[in-house]
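Participant: Quick one: this structure, given as structure tokens, is what I'll be asking you about.
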Amino acid sequence: MSETGERIVLGVAVETPQHAGLAACLDYKSEQMLAPGTLVRIPLGKRDVAGIVWQVGSAGAAAGIELRGVRQVLAALPPLSDAWRQLVSFAAGYYQRGLGELALAVLPPELRKLDATQLERRLARLKPAGPAPGNDPPAPALSAEQAAAVAALLADTPATHLLHGVTGSGKTEVYLHAAAKALAAGRQVLVLVPEINLTPQLEARLAERFAGHHLVALHSGLTPPQRLRHWLAAHLGQADLVLGTRLAVFASMPRLGLIVVDEEHDPSFKQQEGARYSARDLAVYRGRLENVPVVLGSATPSLESWQRAEQGAYRRLSLPERIGGGALPRVRLVDMNLQPRDNAGAAALSPPLLDALRTRIARGEQSLVLLNRRGYAPVLHCGACAWKSACPHCSAWRVFHKGDRTLRCHHCGFTERVPRACPDCGNLDIQPIGRGTEKLEEQLALALPGARVARIDADTTRLKGALEVQLGAVHAGEVDVLVGTQMVAKGHDFRRITLVAAVNPDSGLFASDFRAPERLFALLMQAAGRAGRDASQATASEMWVQTWHPRHPLYAALRTHDFAAFAASQLSERESAGLPPFSSLALLRAEAKSAQAAAGFLHAAAAAAAGLTESAGVMIYPPVPPPVARVAGVERMQMLVESRSRGALQRLLTRWLPELHALRQKDKTHRAVLRWAVDVDPLAI
Ligand code: ADP
Ligand code: ZN
Ligand code: ZN
């Protein structure tokens, strides 16, 4: 394409490196008028890269420079919609990332590589839309509460709804009915789930119910060509349903009619690197933008969503009972202060819990024992010289894994064989301290001779397909006692489990992170939801909690399955402490070879903010190290920025961040900072 005679100037979103600042778009010349949303290939430096036409007319970022021309137009692809571009613009602004960086990052990586001819070939190979619509099998009749929820969801004025109901109360059935209505109206449905592990089950259920429709999955577990195909099917309107993890919130769906966010409280909806967006929050934004209903479902909603429902910003829909009248498991607290102690201070498994497990085994029922720490023991220790298995690269202990006899750092991955003797004094008797799932499995096997004990955690499921095999064994009844981390507490439908036990959950009560109690409560409620899903056994199902603090209000609320009471007490604590949802937070993080360099940058950042009028009404706290300050030899520091007003915080960030980009250029001392980033609405502080 010649570069002469090109009179039209276009603002194009391009993936520019972060140090280029937050420049929205770069200007290019074009011979033809291109609609915003059109995918193009453009020169950037010496490279040829993908871009998205963002606006007709100059974006102003390259004023005074001889403009280069658009190289190629990927005209076979219909332009991305205005709504899609607005969603991306909003997300880039709110989470303080470059527009082009975000816009291109949320496209399938494969799409960014294709030229016009390659794209045309891919499009030609796309299967036409699935089977003819209208062949879906019949759905069960809804309960009165479910019917009311579906009716409210599909009311004339689309709104955001918080669907609150325990596991088994029929939430998914509400999603399915609402989805069926949207599909019947010719619309597309977007369903977001927190983790890939949880997609196969829901995918099977959706595929069965909507056999007459075209369903695609969008998550990071797909191969790049699959992800491209599925994305294209959604973008071309061929796919009726898109089921995906957080990245799917950016799926281009021209006929979008309903958004479902299942397990809306789950931390996995927040991206933890790059653009740290919350897919749950963006789903709500997108619903408003596209005027479609959004349903956020959970047994233990996030306190942010619960508070919005309390205020009337979201409509609350409740499913108070389990379908089929299944009772919720009885919660039994074991007061560990009253249990016999062994030489480690306390027996891992209390006698009453072991008795209860034996009874279940004798009855041919399954139990689930939860411990949120994998490996054999969190640290190895030498009694002679006090050596501990510290990671040389992190401020953390290396975990002892007995299975492959390694010491493994769970932060940087550094792994070594377990030493035969203490590396410092040669003592042969080095001891594990504490316990992880591996040791718990061993202890259970010892205490319950003849029982079939199995374990599922990130270590046992590293190989592709391993999780499915292990879950299959549990479902087939080949396991009596299943040991697992939170991985198994979520989502899986274990019909034959009648007892769930949390052996050591107390750490969540007093953790420094203000969201720890919320997480613990959600985990325990979710775990309790694993038990007694089979109504015939539900009356006998139990949730056991071993605790040193049996009178803690969190456990009192758990006992009565009273989320509302728990939420009310947490919210009043948050309100008096000025924490979210009563304030908005951002976290500025810096990483450097030394803690001083990281802190120095944050101090300079705070000084820069103090000079801005936008800092009024915003509190900036002194830099502190995060709980694990050093990872892989890099020191980390963080600084909390807080305001009662979300708007005030946003205005400050928007003015402040460009100054921070400049800071490192201006002042040589800050070159020691390897990376810095801002996390808006951080999950953990
Ligand atoms: P949740 O998503 O809240 O865990 P589900 O929608 O999965 O609940 O429902 C729990 C069980 O009850 C499922 O097996 C589901 O098929 C069944 N179920 C839900 N609603 C109905 C209904 N209205 N009639 C019959 N069975 C139902
Ligand atoms: Zn020693
Ligand atoms: Zn490490």
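Each value in this text was obtained by applying a stated rule to the coordinates, not by laboratory testing. The structure presented is a predicted model; accordingly, all values stated were derived computationally and were not measured. Cβ coordinates were reconstructed from backbone atoms using ideal geometry, including for glycine residues, and neighbour counts include every protein chain displayed.
Participant: Quick one: Karplus J couplings for segment 564-573, per residue in order, coefficients 6.51, -1.76, 1.60, θ = phi - 60°, nearest Hz, x for Gly and Pro?
Facilitator: 4, 5, 4, 4, 4, 5, 5, 5, 6, 5
Participant: Reachable lysines from LYS270, Cα under 23 Å, same-chain residues fewer than 8 places away excluded?
Facilitator: LYS171, LYS490
Participant: Also, quick follow-up: For the residues SER569, SER305, SER220, what sequence is obtained by ranking on other C-beta atoms within 10 Å, fewest first?
Facilitator: SER220, SER569, SER305
Participant: Determine the dipole magnitude for segment 337-432: charges of +1 sit on the beta-carbon of Lys and Arg, -1 on that of Asp and Glu, nothing else is charged, the reference point is the Cα centre, and the result goes in debye to the nearest 20.
Facilitator: Its charge dipole is roughly 220 debye.
Participant: Near the amide H of GLY37, under 5 Å away, which other amide H atoms are found, from residues 5 or more places off or on another chain, if H is placed in the peptide plane?
Facilitator: Placed amide hydrogens put VAL53, TRP54 under 5 Å from GLY37.
Participant: Also, I was wondering about something else. Suppose the chain between LEU446 and ARG332 were pulled fully straight at 0.36 nm per residue; how much longer would it get relative to their current alpha carbon spacing?
Facilitator: Gain on extension, LEU446 to ARG332, equals 38.7 nm.
Participant: For LEU319, which sequence-distant residues (separation of 5 or more, or a different chain) have an amide H within less than 5 Å of its own amide H, given hydrogens modelled in the peptide plane?
Facilitator: The answer is HIS164, GLY165.
Participant: OK, next. For the chain, taking Cα atoms only, what is the radius of gyration to one decimal and the Dmax to the nearest whole Å?
Facilitator: 27.1, 88
Participant: What residue among GLY221, LEU162, ALA149 has its Cα farthest toward the positive end of the dipole of the chain, where the charges are +1 on Lys, Arg and -1 on Asp, Glu, each on the Cβ?
Facilitator: Most positive-ward Cα: GLY221.
Participant: Something else now. Treating only the Cβ atoms of Lys and Arg (+1) and Asp and Glu (-1) as charged, compute the dipole magnitude of segment 464-505 about its Cα centre; round to the nearest 20 debye.
Facilitator: 120
Participant: Whole-Hz Karplus ³J(HN,Hα) for segment 91-98, in order, using 6.51 cos²θ - 1.76 cosθ + 1.60 and θ = phi - 60°, x for Gly and Pro?
Facilitator: 4, 4, x, 5, 8, 6, 10, x
Participant: Identify all lysines with a Cα-Cα distance to LYS29 below 24 Å; exclude those on the same chain that are fewer than 8 residues away in sequence.
Facilitator: LYS46, LYS113
Participant: I'd like to know how segment 281-320 sits against the 2.2 N^0.38 Å rule of thumb: what's its Cα Rg over that expected value?
Facilitator: Rg over 2.2 N^0.38 Å, computed on Cα atoms: 1.17.
Participant: Measure off 7 Å from each Cα along the Cα-to-Cβ vector at THR560 and ALA458, then give the distance between these two points in nanometres to one decimal.
Facilitator: 3.7
Participant: In segment 23-116, which trypsin sites (Lys or Arg not before Pro) are in a loop and have at most 14 other Cβ atoms within 10 Å, using DSSP for the loop call?
Facilitator: Here the trypsin sites (Lys or Arg not before Pro) that fit, given the DSSP loop and packing criteria, are LYS46.
Participant: Can you give me the long-range amide H partners of VAL369? Hydrogens built in the peptide plane at 1.01 Å from N, cutoff under 5 Å, separation of 5 or more residues or another chain.
Facilitator: LEU482, VAL483, GLY484, ALA501
Participant: With an 8 Å cut-off on Cα pairs and a minimum separation of 6 or more residues, tell me the relative contact order of the chain in percent.
Facilitator: 11
Participant: Tell me, what HN-Hα J-couplings in whole Hz come from the Karplus equation 6.51 cos²θ - 1.76 cosθ + 1.60 at θ = phi - 60° for each residue of segment 583-595, using x for Gly and Pro?
Facilitator: Running phi through 6.51 cos²θ - 1.76 cosθ + 1.60 with θ = phi - 60° gives 8, 10, 10, 9, 10, 9, 10, 9, 10, 8, 5, 10, 5 Hz.
Participant: Counting other Cβ atoms within 10 Å, which trypsin sites (Lys or Arg not before Pro) in segment 230-316 have at most 16 and lie in a DSSP loop?
Facilitator: In loop regions of segment 230-316 (DSSP not H, G, I, E or B), the sparsely surrounded trypsin sites (Lys or Arg not before Pro) are ARG255.
Participant: Using the Cα centre of segment 381-447 as the reference point, and only Cβ charges (+1 on K/R, -1 on D/E), how large is the resulting charge dipole? Debye, rounded to the nearest 20.
Facilitator: 80
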